[in-house]
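Shown next, in structure tokens, is the structure this report addresses.
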Amino acid sequence: MSILVCFALKEEAAPFHPVAAQHPGVFTLIVGIGAQNAEKSVRNFLPGFTPKLVLTCGFAGGLNPDLKIGDVAFETADENLCAKLLAAGAKPAKFFCADRIATTVAEKKVLRERSGADVVEMESAAIQAVCAERGIPCATVRVISDTADEDLPLDFNALAKPDKSLDFGKLAWAIIKSPGKIGALMRLQKKTSFAAGRLADVLSKVVSG
């Protein structure tokens with residue numbers, strides 16, 4: 001079975017690459033941050049390849065306070081895939097696709113109240129739409145990298161380039177201005193590394209099944 005597994009960032013995909021390498025029918029695609037980048041990347045990729053399943057994966061913010069760092073949440077209409085994900089330890093959830101990173105507890109609370117969603121991310125709706133056009137089954141599988149009750153250490157929206165990728169010059173300047181943020185950024189890096197590993201564990205069980 002050919003499966004395309006999409007990630008916004010290479011850091012999200014890194015722990016999964018060795019898994020994909022063991023399965024000739026599994027391919028990974030780094031689509032970039034945000035709906036526009038994701039749609040463009042998937043549209044450019046699919047004409048030369050029609051997978052039996054597309055998974056849109058990566059980090060996500062928790063809106064439901066019950067979700068913890070490393071929890072893997074999913075949304076799919078496929079009963080067989082749902083059973084596989086449940087067996088792998090993932091949790092069914094409602095997703096909201098935003099046009100910016102939710103960086104504060106207050107922002108997450110508003111999104112939760114307005115959408116009723118459990119999880120927020122930025123790419124899956126666009127990927128789902130492209131797949132729906134082509135009749136390709138698609139599921140969202142995301143790991144919580146920051147919870148509903150925690151602020152991110154910086155406003156990463158303000159540190160982004162026009163293409164939504166991180167501007168490391170702006171990041172360096174933000175750290176120079178607020179050196180006290182270094183500890184929080186290091187803790188965030190540890191959380192995201194742990195989360196990426198947890199996501200790879202779940203995806204490994206799904207693609208091996």
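Quick notes on this structure:
- Matching residues in segment 124-138 - criterion: being touching a residue at least 24 places away in the same chain (Cβ under 8 Å), assigned to a helix (DSSP H, G or I) and open to solvent by 30 Å² or more (accessible area, probe 1.4 Å): Ala125, Gln128, Ala129, Arg134
- The residue pairs whose first member lies in segment 105-123 and is open to solvent by less than 50 Å² (accessible area, probe 1.4 Å), whose second member is in a strand (DSSP E or B) and polar (S, T, N, Q), and whose beta carbons are closer than 8 Å, counting only pairs six or more residues apart or on different chains, are Glu121/Thr140; Glu123/Thr56.
- Residue list for segment 52-103, restricted to those being β-branched (Val, Ile, Thr), open to solvent by less than 50 Å² (accessible area, probe 1.4 Å) and assigned to a loop (DSSP other than H, G, I, E, B): Ile69, Thr76, Thr103
- When the test is whether a residue is out of contact with any Ser or Thr (no Cβ under 8 Å at 6 or more places or on another chain), farther than 18 Å from Asp149 by Cα and among the small types (Gly, Ala, Ser), Gly58 passes it.
- Pick from segment 139-167, criterion farther than 17 Å from Ile101 by Cα and out of contact with any Cys (no Cβ under 6 Å at 6 or more places or on another chain), ranking: surrounded by the most Cβ atoms within 10 Å (Cβ to Cβ): Thr140
- Complete set of residues in segment 1-31 that are open to solvent by less than 20 Å² (accessible area, probe 1.4 Å) and part of a loop (DSSP other than H, G, I, E, B): Ala8, Val31
The values are calculated or read from the model by the stated rules, or taken from the named source; none is laboratory data. Just so you know, these numbers come straight off a predicted model, no measurement behind them. Using ideal geometry, Cβ is built from the backbone for each residue, glycine included, and neighbour counts are taken over all protein chains shown. Note: accessible area is taken over every heavy atom of the protein model, side chains too, but ligands, DNA and RNA are not part of it. Shrake-Rupley method; radii C 1.70, N 1.55, O 1.52, S 1.80 Å.
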